[in-house]
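Have a look at the structure below, then the notes.
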Amino acid sequence: MSTATTEGGPLLPQERRLVTEIPGPKSRELFARRQAAVPPGVGTILPVFVERAGGGVLVDVDGNSLIDFASGIAVTSVGNAAPRVVERVREQVGRFTHTCFMVTPYESYVAVCERLNQLTPGDHEKRSILVNSGAEAVENAIKIARHATGRQAVVVFDHAYHGRTLLTMTLTAKNVPYKHRFGPFAPEVYRAPLAYPFRWPTGPERCAEEAAAQTIDMIDKQIGAENVAAVIIEPIAGEGGFIVPARGFLPRIAEFCRENGIVFIADEVQTGFARTGHMFACEDEGIVPDIITTAKAIAGGLPLAAVTGRAELMDSVHPSGLGGTYGGNPLACEAALAVFETIEQEKLVERARHIGEVMLPRLHALKEKYRIVGDVRGRGAMTAIELVVPGTKDPLPAADVAKRCHAEGLVALTAGTYGNVLRFLPPLVIPDHLLEEGLSILEKAIAEHDKTV
């Protein structure tokens, strides 16, 4: 049995351990308090209350130790209490917690921006700004693109998820739960088809070419390329179902943007910082975005996000046109610097590739064995299976399988426009034996559900 350390804390056994039902009595008591204090609009996937976490496990208030295949939705890639993060944040909180970078700046903000400018794809001159969330990063990326180009239209894609604010909710494709009855929405947003190999009408072989052609045709005929400020896309669609666009699609769209003076924005909020086996997912096809948005895994669980882009785009905005009171909080900046160091020192890009090498063969074996598994996809430590009604491609809801996993001590998430995808985002520091055990729990859950369909 391996262990994980937290700075100054005891070892956390890396094991699945169930001592009560899931959720246990203490979690149920706390959940009753939660329901009385927090509105149902803030959802809860698994109502267990966590007391400690680290490595590949979450320990709840009842003493259960659950295998973590969620990472707080791709946030705790370096672990829930990574020693370097804990140490740097602890030191910073003793110095000062806030000044507002726009009032009296501090070095750590600058240092994070310098590292982002170095790490993100492309050797051109770059600038970065720091904000609080992925949605805020996307909003600012669109603001910058519109300001720099003098254009208004924004092109997004089917199955996209970009956030819950007014503009990012407009960019997001799925109605329930993200958009339902929250309109009216922001203007000048246009949606194009995503190259979704599993569901492309003429088959995966023609998917990239046809989807790109349809997108370009839509832009030319419905908008006019000269009116488009930005095209924004996730290199792997996250909430939409971990859809890996057909190879060749993203480079063609990026090329079209270059040819027409359109800002190509890569939304790497979920895919960034080693998750897919590259530092950034767009590197897989050699794509160099004009602007890249990042968040989630950037600061080990502290709220931080960034917009990094070509210097001429970022510098086009007038003084004080960008910013926010909490953006680039010093605690979060110190955490981010620790995350960058941890990824490098612990070789987590390579570790993510290894996780994919462990998970994907077993997931493909499930597809061969069980009728309800229609597709397996993903890269590195960002993988998924899509469930279907046997003998068809009709979506089969994934919630029941997820609940079976939860009951056995595996934290698994659903996703997808049709709610039929199980997605897996283990921490990059999870030990192999927990990966294997989690996959065995998943297979048991799928086998049981397969019999009922």
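The values are calculated or read from the model by the stated rules, or taken from the named source; none is laboratory data. Source: prediction; values computed, not measured. Reconstructed Cβ throughout: ideal geometry from the backbone, glycine too, with neighbour counts over all protein chains shown.
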Q.
Considering only residues that are assigned to a loop (DSSP other than H, G, I, E, B) and aromatic (F, W, Y), which ones fall in the stretch 154-211?
A. Y161, Y178, F182, F185, Y196, W200
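Residues checked against (1) out of contact with any helix residue (DSSP H, G or I) (no Cβ under 7 Å at 6 or more places or on another chain); (2) closer than 21 Å to P204 by Cβ; (3) assigned by TED's automatic domain parsing to the domain that holds G356:
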residue: G238; (1), (2), (3): yes, yes, no
residue: L250; (1), (2), (3): no, yes, no
residue: C257; (1), (2), (3): yes, no, no
residue: T276; (1), (2), (3): no, yes, no
residue: F280; (1), (2), (3): yes, no, no
residue: V288; (1), (2), (3): yes, no, no
**Q.** Condition broken by G41, with the remaining ones in (1) out of contact with any helix residue (DSSP H, G or I) (no Cβ under 8 Å at 6 or more places or on another chain); (2) outside the structural domain of F242 (by TED's automatic domain parsing); (3) in a helix (DSSP H, G or I) satisfied
**A.** (3)
Q. Within the stretch 1-17, is there a residue that is in contact with a Phe, Trp or Tyr (Cβ under 6 Å, 6 or more places away or on another chain) and either surrounded by 12 or more Cβ atoms within 10 Å (Cβ to Cβ) or not in a strand (DSSP E or B) (or both)?
A. no
Q. Residues in the stretch 308-342 that are over 21 Å from T76 (Cα atoms) and of a type in the set (V, I, T): how many?
A. 3
Q | Candidate set from the stretch 362-410 (those that are of a type in the set (V, I, T) and out of contact with any Ser or Thr (no Cβ under 9 Å at 6 or more places or on another chain)); member that is nearest to T271 (Cα to Cα) | A | T383
**Q.** Among the residues listed as A412, A445, the single one being in contact with a strand residue (DSSP E or B) (Cβ under 9 Å, 6 or more places away or on another chain), of a type in the set (G, A, S) and more than 16 Å from S71 (Cβ to Cβ)
**A.** A445
Q: Scan the stretch 281-311 residue by residue and report those that are surrounded by 24 or more Cβ atoms within 10 Å (Cβ to Cβ) and closer than 17 Å to R353 by Cβ.
A: A281, C282, A297
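If only one of V155, V131, V138, V112 is surrounded by 24 or more Cβ atoms within 10 Å (Cβ to Cβ), touching an Asp or Glu at 6+ places or on another chain (Cβ under 7 Å) and within 23 Å of V288 (Cβ to Cβ), which one is it?
On the way: V155 fails: touching an Asp or Glu at 6+ places or on another chain (Cβ under 7 Å); V131 fails: touching an Asp or Glu at 6+ places or on another chain (Cβ under 7 Å); V112 fails: touching an Asp or Glu at 6+ places or on another chain (Cβ under 7 Å).
One residue alone meets the criteria, V138.
A quick yes/no check of all residues on (1) closer than 22 Å to G134 by Cβ; (2) in contact (Cβ under 8 Å) with a residue 24 or more places away in the chain; (3) surrounded by fewer than 20 Cβ atoms within 10 Å (Cβ to Cβ):
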| position | (1), (2), (3) |
| --- | --- |
| A37 | no, no, yes |
| T44 | yes, no, yes |
| E51 | no, no, yes |
| F69 | yes, yes, no |
| V78 | yes, yes, no |
| E87 | no, yes, yes |
Q. Taking into account only those residues within the stretch 99-149 that are free of Cβ contacts under 8 Å to residues at least 60 places away in the same chain and not in a helix (DSSP H, G or I), which is nearest to A306 (Cα to Cα)?
A. P105
Q. Does the stretch 320-330 contain at least one residue that is within 26 Å of L130 (Cα to Cα), aliphatic (A, V, I, L, M), more than 19 Å from the chain's Cα centre (by Cα) and surrounded by 17 or more Cβ atoms within 10 Å (Cβ to Cβ)?
A. yes
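Could you please let me know if R28 is part of a helix (DSSP H, G or I) and surrounded by 22 or more Cβ atoms within 10 Å (Cβ to Cβ)? Give the derivation first.
Details: part of a helix (DSSP H, G or I): yes; surrounded by 22 or more Cβ atoms within 10 Å (Cβ to Cβ): no.
No.
Are any of the residues in the stretch 200-212 more than 30 Å from R84 (Cα to Cα), in the same structural domain as E334 (by TED's automatic domain parsing) and buried (at least 24 other Cβ atoms within 10 Å of the Cβ)?
yes
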Q.
Checking L442 against (1) part of a helix (DSSP H, G or I); (2) closer than 21 Å to N80 by Cβ: exactly one of these is not met. Which one?
A. (2)
